[in-house]
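Below: the structure, in structure tokens.
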Amino acid sequence: MNGKLIVANWKMLPESLAQAQEILEFTDDYLSSLSEKRELSLVFCPPFVFTEEVGKMLRTSHLEHEAFLGAQDVATEDRAALTGEVSGPMLTKLGVSYVIIGHSERRWKLGESDETVNQKLKAALRNGLIPIVCIGERTREGKFKEFLEEQVTKTFTGLTADEVDKCIIAYEPVWAISTNPGAHPDTPESALESIGVIKKILNSKFSIQNPMFLYGGSVNSNNVAGFLKEKEINGALIGGASVNKEEFVKILELILEIG
Ligand code: PGA
């Protein structure tokens with residue numbers, strides 16, 4: 001993987017495969033037009049129904065070497081009767097290499113517990129998928145540091161240090177996610193404070209020194225540079241802005257300017 005990592009979490013968009021293709025082609029055209037080698041890696045996490053086709057589009061575009069296929073979720077079990085779920089082995093067969101684990105929409109809107117998130121994380125690792133583990137408090141008020149500590153502890157419980165080392169951690173404060181009521185982006189300073197809390201726990205429990213961190217929550221072209229110029233922030237997890245092709249490319253341009 002090169003440079004900063006940008007994960008596009010498309011959630012339940014776009015509405016058609018043709019629109020997905022437009023986003024990828026627009027991104028491909030922009031990156032292909034650059035004369036210099038670009039220090040950037042991209043992961044596209046489409047809605048599950050588009051996974052196979054998006055994988056083919058990535059393989060046949062110039063994005064082949066810097067863009068990877070991701071999934072938005074994985075089942076806790078590899079083989080089981082679990083209606084509606086998609087297993088790790090199914091994802092790997094489609095060419096998926098990254099998977100988002102414990103997104104706050106799954107935790108809070110769909111009732112996924114820390115225990116379930118932990119099982120999904122283990123399923124991802126068991127299947128050789130790189131987990132993008134979402135961690136974030138619902139509110140900044142009160143004991144948010146204690147909340148983060150508990151969420152990290154329960155999410156990573158039972159893992160070896162080597163396994164935790166394979167994870168990418170997305171710090172995504174729930175209140176900053178663009179679709180939540182009253183959402184506003186975090187500031188780089190306060191995101192770094194939370195990242196510091198998460199780092200400390202991973203260090204004390206697993207002796208992990210430098211886990212890879214993404215910031216997520218209302219990332220757009222106005223704020224991305226502020227976050228990504230921080231050396232502790234290795235990339236971004238982008239929802240809404242990643243399905244707007246002009247905005248997405250603008251974000252990439254700004255990241256490449258940071259160098
Ligand atoms: P947002 O979503 O960029 O629209 O805030 C981020 C996410 O939910 O991962």
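Nothing in this text is a laboratory measurement; each read-out follows from the coordinates by a stated rule. Quick caveat: nothing in here was measured; it's all calculated off a predicted structure. When we count neighbours, we look across all protein chains shown, and the Cβ atoms used for this are built from the backbone with ideal geometry, even at glycine.
A few notes on this one:
- For region 168-184 and region 5-54, distance of Cα centres in Å: 21 Å
- Relative pair counts by distance (%), Cα atoms of region 1-109, 10 Å bins: 14, 45, 31, 9, 1, 0
- Listed by Cβ neighbour count within 10 Å, with the fewest neighbours leading, Tyr171, Tyr98, Tyr215 appear as Tyr98, Tyr171, Tyr215.
- A Gaussian network model of the chain, with springs between Cα atoms under 10 Å, assigns the largest mean-square fluctuation among Gly142, Gly235, Gly216 to Gly142.
- Kirkwood Rh in Å, taken over the chain so that all alpha-carbon pairs contribute: 18.4 Å
- Among the listed pairs Lys122/Lys200; Lys109/Lys199; Lys120/Lys154; Lys11/Lys109, a Cα-Cα separation exceeding 18 Å is found for Lys122/Lys200; Lys109/Lys199.
- Karplus-derived HN-Hα couplings along region 168-173 (A = 6.51, B = -1.76, C = 1.60, θ = phi - 60°), whole Hz, x at Gly and Pro: 9, 10, 9, 7, 10, x
- Neighbourhood net charge (14 Å Cβ-Cβ; Lys/Arg +1, Asp/Glu -1) for Arg107: -3
- Other-chain or far-sequence residues with amide H under 5 Å of Ala170's (modelled H): Val133, Cys134, Ile135, Leu214
- GNM top mover of Pro46, Pro173, Pro89 - the chain, alpha-carbon springs below 10 Å: Pro89
- Spatially, region 56-106 and region 188-259 are offset by 22 Å when compared through their Cα centroids.
- Taking only the Cα atoms of region 65-170, the radius of gyration and Dmax are 13.9, 44 Å.
- Quick note on region 117-171: its Rg to Rh ratio, both from C-alpha atoms and Rh being the Kirkwood radius, is 1.01.
- In this structure the amide hydrogen of Phe68, modeled in the peptide plane, comes within under 5 Å of the amide hydrogens of Leu42, Val43, Phe44, none closer than 5 places in sequence on its chain.
- Of all aspartates and glutamates in the structure, the ones whose alpha carbon falls short of 19 Å from that of Lys143, not counting any fewer than 8 places away in one chain, are Asp114, Glu172, Asp186, Glu189, Glu193.
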